[in-house]
Structures are given as structure tokens and as C-alpha cells.
Amino acid sequence: MSLIEKNYDSEYKPSKSEVENFPDLQNGPSSLIKGAEVGIQHVGVHNFKLPLKYKKKNGEDIELETKVTGTVSLEAHKKGINMSRIMRTFYEFKDEYIIEKLEDILLKYKNDLSSFNAKIGLQFSYPILLPSLRSNNIGFQYYRVSFEGQIDKKSKFKKIIHFDFVYSSACPCSYELAEYARKHRNKATVTHSQRSVARISVEFDKNLWIEDLQKICEKALQTETQVIVKREDEMAFAELNGSYLKFVEDAARLLYEELIKDNRIKDFRVICSHQESLHSHDAVSVILAPESKFSSEISHEFWSSLIHAS
């Protein structure tokens, strides 16, 4: 019996016919399936990274490192999919404005992988240059953003943005109690407030910019966390928090009030998490658009992810 060679052959380049004869278990017969012979809703590749082009609202281009997830459905009688095709198909569009090409990529996934439906997720950190409240400073605020594209068996395409907005929430109850202690007992007090996160999920058809969502959230909540802060900015922020006190229920309803006005938005969900400075737990709320297709059921892992968003 001859020994197997263990030296890597850097010169070997298989021919096309050789490659076609290589073993391919993924595309093998159903007899190779392990476990129940049932369909799988999503199978694919998660978190492959590449720089992608996006267009900003002002018309400028921006290139951002993006984490990509691509999946397709798998029929019960099929063993598996060609995983590399998920990435190779995506790379064919890497030099395009990727949001404009999501539908094309998904259709190619469906055709190339013989699937009923397909889904793509793009996650990145998006910079917006914002001014300080009172000083003459500007700084980059970064927003966690996910774009989601879905296409079903009837080739109906759906686009969703998930946008995280980090803000301060000062407690109305704490404010009133602190004022009472100061007025009636002459006691120095500091009301409690906390860094909080709203995750806005929006289905849209028309042009809806990330900058638009930032403005919607800023108008609704008023107390976005700051980038560059001098003393005059810190005073302004304290005044803002005093002027816009809010419970977590208030935050959800304020965002609903702004989102429902925008006719570019077909459906939405708002999730708010106030990461309490008084309590050892968080206060949370979820609110949906009328007749929303989004789920109101949020997992423990999802709530936990909001902590890292802040």
C-alpha cells in the first residue's frame, strides 16, 4: 500500500472537466439527506464582509465595511445548496450602489440556486456629521443600520431598514420627586436619566434616506446623545432633558406619531429600551403601525442586542 503524499501541490490547476467530476454531496440525491426530509426556510452564509458603495442624501458616495447575510429556502427533497454561490453572486454586484441592486441579487439567488424565496441582510455603521448644541463644534455620530431585502415565491420584493437611535431619557417621576425635595426640604438632588435606544424597523418603497430616519427620531425624541461637548453644550443637554422628560411608553408613542405621517413608509415597528440608572433592569416597549406585518414578539437575545447598540 502506497503512502499518501502530504506535500501541497501549488502547480495543480484542475481542468473544467475535472472539476465537473469532483464529488458534490450538496447536490446529491435525497437519499443522502440526514434527519427529517423537510424543507428549510433559510440556509446560506452569515457575516461575510466587504466594502460596499452607498449613496448619501446629499448625492455624495460613501464606502462602508458591510456585514452581509445571504440565504435562500431549501426544498425537502434537496440535500443542500451551493454555499459559495451566495458570495459569488453578491460579488458580481460589489461595485454597484448596493441598495439599488438588492432585487436583482435576490432574483439571481432564486434562479441560480433554484429556490422559492431569498433574503439578504446588510449591516453597517453609518456616519452623519452633527453640530454641538451651543458650541461651534461638529462631530460624527455613527448609527447602526441594517438593510433587509426579501423576495418570495411569487417574486414579490420587500425592502426594510432597521435603524438604531441612541438618546437620553430623563424620568418624569424622578424629576417631580427631586423638585419636591428641593422645594419642601431644601435638598440638593439629581434626577435619574439613562442612555436609551430606539430601534426603528421600516418597510418602504420610495426613496427613504438614513438621514431622514435620523431626523424623524431627533424630532420625536429631541435628546439624542452628543458627540463633542463643551460646558455650554452640557448645560444645553441638561435643559433639553428637563424640557423633554419621557417614560419608555412616551418614547414609543412619540416615534409612532412621526412615523405614521410619512407616506413613504408602508409599515413600521418601534422598539425602545431605557437602560435604567435607578433600577437593575431595563424598561422596554414595542409599538407597531396599524395592521403591521412585523412581529411584536421580541426575544431575550434581541432585547440584549439593544444594550450593545448604545
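Quick look at the numbers
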quantity	calculated
Single match in His46, His42 (criterion: touching a residue at least 60 places away in the same chain (Cβ under 8 Å), surrounded by 11 or more Cβ atoms within 10 Å (Cβ to Cβ) and under 22 Å from Ile151 (Cα atoms))	His42
When residues of region 143-172 are limited to those that are among the basic types (Lys, Arg) and surrounded by 12 or more Cβ atoms within 10 Å (Cβ to Cβ), the one farthest from Lys219 (Cα to Cα)	Lys158
Residues satisfying the stated conditions in region 94-107, i.e. touching a strand residue (DSSP E or B) at 6+ places or on another chain (Cβ under 9 Å) and either over 17 Å from Thr66 (Cβ atoms) or surrounded by fewer than 19 Cβ atoms within 10 Å (Cβ to Cβ) (or both)	Lys94, Asp95, Glu96, Tyr97, Ile99, Glu100, Glu103, Leu107
Selection within region 283-301 - within 24 Å of Cys171 (Cα to Cα) and among the hydroxyl-bearing types (Ser, Thr, Tyr)	Ser285
Any hit, region 67-77, residues being more than 22 Å from Asp152 (Cα to Cα) and either surrounded by 14 or more Cβ atoms within 10 Å (Cβ to Cβ) or in contact (Cβ under 8 Å) with a residue 12 or more places away in the chain (or both)	yes
Selection count, region 108-137, where residues are buried (at least 16 other Cβ atoms within 10 Å of the Cβ) and among the hydroxyl-bearing types (Ser, Thr, Tyr)	4
When residues of region 173-204 are limited to those that are surrounded by fewer than 12 Cβ atoms within 10 Å (Cβ to Cβ) and farther than 16 Å from Leu245 by Cβ, the one nearest to the chain's Cα centre (by Cα)	Ala188
Residue within region 235-248 that is closer than 30 Å to Ile120 by Cβ and of a type outside the set (Gly, Ala, Ser) present	no
Glu103 being under 27 Å from Lys154 (Cα atoms), touching a residue at least 24 places away in the same chain (Cβ under 8 Å) and out of contact with any helix residue (DSSP H, G or I) (no Cβ under 9 Å at 6 or more places or on another chain)	yes
Positions within region 232-253 being touching a Ser or Thr at 6+ places or on another chain (Cβ under 8 Å) and more than 15 Å from Ser174 (Cβ to Cβ), in sequence order	Glu232, Asp233, Phe237, Leu240, Glu249, Ala251, Ala252
Output for region 250-265, where each listed residue is surrounded by 14 or more Cβ atoms within 10 Å (Cβ to Cβ), of a type outside the set (Phe, Trp, Tyr) and either out of contact with any Phe, Trp or Tyr (no Cβ under 6 Å at 6 or more places or on another chain) or at positive phi (or both)	Asp250, Ala251, Ala252, Arg253, Leu254, Leu255, Glu258, Asp262
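Where a number appears in this text, it was derived from the coordinates with a stated rule and is not lab data. None of these values were measured; they are calculated from a predicted model. Note that we place each Cβ from the backbone using ideal geometry, even for glycine, and neighbour counts take in every protein chain shown.
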